[in-house]
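**Q** The structure is given below, and queries will be raised subsequently.
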């Protein structure tokens, strides 16, 4: 009986000590993550809005953000590519830094267009033919729609454009200021 009580006391003391440990400095890189149930994890306190993206240098990265494939959008923006060579929104648009936006782009014209997103400088470089300008674009066939999921961070001035020859010059440019 005495051994059982000592064992229980020791077990309780060590489990309390492990629970009180500061886990923030532990290296979790070698942990087996495939068995974890990420759906039950609370990600609300992770502070993604405080992430510093300025040091990232990845393919698909722009001065104004990056593709957010698979992310949950904060808002949906309907974009209309029009026959009069303009880009318009179905409703007024306000975008904040770190918003993930799902763009639904509808091409109402009889010809294919591009929907590209980048800073004004990146868009100018793309129109000049620079392949690594940082602009991300999707092709939208005549009368069809496409979607693009975008995470806004970085520069506040954003330019949406069709960079096919002469289209931006004809008016297929829309600027946004991220709040």
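**Q** Arranged from highest to lowest average of other beta-carbon atoms within 10 Å per residue, in what order do the peptides 93-101, 121-129 appear? It would help to have the intermediate numbers written out before the result.
**A** Numbers: 93-101: 16.1, 121-129: 17.8.
Top to bottom by mean Cβ count within 10 Å: 121-129, 93-101.
**Q** Please work out how much length the chain gains when fully extended from residue 76 to residue 157, using 0.36 nm per residue of separation minus the C-alpha to C-alpha distance, in nm with one decimal.
**A** Numbers: separation 81, 0.36 × 81 = 29.16 nm, distance 1.93 nm.
Contour length minus Cα-Cα distance gives 27.2 nm.
**Q** Something else now. Ratio of alpha-carbon Rg to the 2.2 N^0.38 Å globular estimate for region 61-177, to two decimals, please.
**A** Values: Rg = 13.0 Å, N = 117, 2.2 N^0.38 = 13.4 Å.
After normalising by residue count via 2.2 N^0.38 Å, the value is 0.97.
**Q** Separate question: Please give the peptides 67-73, 107-113 ranked by average Cβ packing (other Cβ atoms within 10 Å per residue), highest first, as a rough proxy for protection.
**A** Working: 67-73: 12.9, 107-113: 17.0.
Sorting 67-73, 107-113 by mean packing, highest first, produces 107-113, 67-73.
**Q** Taking the number of other C-beta atoms within 10 Å as the exposure measure, put 169, 82 in order starting with the fewest.
**A** Details: 169 10, 82 15.
Result, fewest neighbours first: 169, 82.
Only the coordinates and a few stated rules stand behind these numbers; no lab work does. Remember, it's a predicted structure, so these values are computed and weren't measured experimentally. A quick note on method: Cβ atoms are made from the backbone with ideal geometry, for glycine too, and the neighbour counts reach across all protein chains shown.
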